[in-house]
Amino acid sequence: MNSEGKLTPEQAKRIAEHHRNVARSERRKQIGNVNKRFRRTGKNNRGHVRRKDWTDEAYRPEDEHDHVALERVMPRDEQDRRRMVEQAAFQAPAPEDPDDGATVTPLGRQGLVISAAGLSAQVEMDGEEYDCTVRGLMTELDTGFLNPVAVGDQVSVSEDGSGGWVVETVLPRTTVLSRPDPILAPRQLVIAANVDQLLIVSSWREPDVWLELVDRYLIAGERNGIQPIICVNKADLIEDEAEYEAALRPYVDLGCIILRTSAVTGLGVDELREGLEGSTTVVVGLSGTGKSSLLSAVQPDLRLRTSEVSEQSGHGRHTTTRAQLLRLDNGGYVADTPGIREFGMAGLTLGELPEYFPEIDAVASACRFSNCSHMNEPECAVDAAAEAGLLPASRLHSYRLIWDELPSDGERM
Ligand SMILES: Nc1nc2c(ncn2[C@@H]2O[C@H](COP(=O)(O)OP(=O)(O)OP(=O)(O)O)[C@@H](O)[C@H]2O)c(=O)[nH]1
Ligand SMILES: [Mg+2]
Ligand SMILES: [Zn+2]
């Protein structure tokens, strides 16, 4: 950027390159084999069973409440600006991009970040792992994110002359999954970069399934071009099959990919292993839902630390403390991440929200007011449909919670 904050032609060119890369990755995804590997749930006739016991308290452990305030969001143009600045900070074109005439970066060897914390990163190059220092060049101002480097990043690495290794640049990212920093929200942290699947792990019990978080992750996956997969773990703890079916019905109707697994009995583990094959998948969900246990069941030699959910609180203890990218025997990578509770909808606007709730949007045309928010207007068809059990209460619940926290279109924070 120059002193007036305008992009130089060189930076603009890099941004354009990045957008082409993203577009290519989108096309690859569209023709990808995700759907072949996972059995997608079909669009069944709607026969919703309304959850009678749906309340915030039922699905939000007590200490979740404090995080709502953290889930503030940036206005859309701020997000766009950050993305622009981030792309401008990339200093090398994608090396495997033959039709752009790009070559391997002259700054060093290319590697894959397998773990990162602050200004240190572990980078895999030619099958070996190197401890690297991240040069202080990539600031938040440059990248739009608090952490300069995240798991999944492709980076160029050079020797520092005294036996150490330095991450010089981050190559353009095809996808980014980010979240608000727990303390510095709404400033964003990258959870993982360049992933093509998002495995949303929710335990059925211990802790109780929390569909609002699933809904948020579904939006995040869709907005960021990452294929979401809903994984309901601890299926051995399902006592009432009808309750399980009713809770998951909205996602079956939406055509989501749903896996039912148990790291204890091995249910669904083969299917999960197949689904992970050949892709880069980031595994997310609350602490204690069994993310690390599941990955260990998929491939025991990953040796991931797991631990008991606290009996007193029913919550996990954040056993996994740092995201880690792991190579799978059958090809592909998985990023195990620490359980997180806060997950904001950075950059999402009220105008866009209905896109992510198509079943609600489908009913909206019958509302009395064409711009009905379905929050409390009279003669709201969405409200009526939910009351009649024709719309899933859990989805409307999520819609309303997210609606409440988004700034109105055009509003500046
Ligand atoms: N009953 C049952 N328990 C499970 C299952 N999967 C994991 N657990 C238990 O749940 C607890 C938490 O598992 P972890 O794998 O550490 O959970 P995690 O999601 O990685 O947690 P964080 O690393 O804190 O985010 C452990 O005691 C596991 O043994 C399952 O399918 N069924
Ligand atoms: Mg873990
Ligand atoms: Zn309405």
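The values are calculated or read from the model by the stated rules, or taken from the named source; none is laboratory data. Keep in mind that what you see is a predicted model, and the values were worked out from it rather than measured. Because the Cβ atoms are built from the backbone with ideal geometry, glycine has one as well, and the counts that use them run over all protein chains shown.
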Requested in this report: Could you please give the count of residues in the stretch 257-296 that are on the phi > 0 side of the Ramachandran plot and more than 13 Å from ligand 2 (Cβ to nearest atom)?
Outcome: 3
Query raised in the report: Is the stretch 199-206 home to any residue that is touching a residue at least 60 places away in the same chain (Cβ under 8 Å) and surrounded by fewer than 21 Cβ atoms within 10 Å (Cβ to Cβ)?
Result: yes
Requested in this report: Kindly indicate whether residue 396 is away from ligand 1 (no atom under 16 Å from the Cβ) and part of a loop (DSSP other than H, G, I, E, B).
Outcome: no
Report summary line: Those residues of the stretch 243-271 which are without any contact (Cβ under 8 Å) to a residue 60 or more places away in the chain and either aromatic (Phe, Trp, Tyr) or closer than 21 Å to residue 337 by Cβ (or both) amount to 244, 261, 262, 263, 268, 269
**Report entry** Qualifying residue in the stretch 207-228 (condition: assigned to a helix (DSSP H, G or I), modelled with pLDDT of 95 or more and touching a Cys at 6+ places or on another chain (Cβ under 8 Å))
**Finding:** yes
Query raised in the report: Going through the stretch 237-284 one residue at a time, which ones are more than 16 Å from ligand 1 (Cβ to nearest atom) and in a strand (DSSP E or B)?
Result: 257, 280
Requested in this report: Go through the stretch 269-292 and give me each residue that's aliphatic (A, V, I, L, M) and under 17 Å from the mean Cα position of the chain (by Cα).
Outcome: 276, 282, 283, 284, 286
Query raised in the report: What residue, among those in the stretch 151-168 that are buried (at least 24 other Cβ atoms within 10 Å of the Cβ) and of a type outside the set (A, V, I, L, M, F, W, C), is farthest from residue 217 (Cα to Cα)?
Result: 153
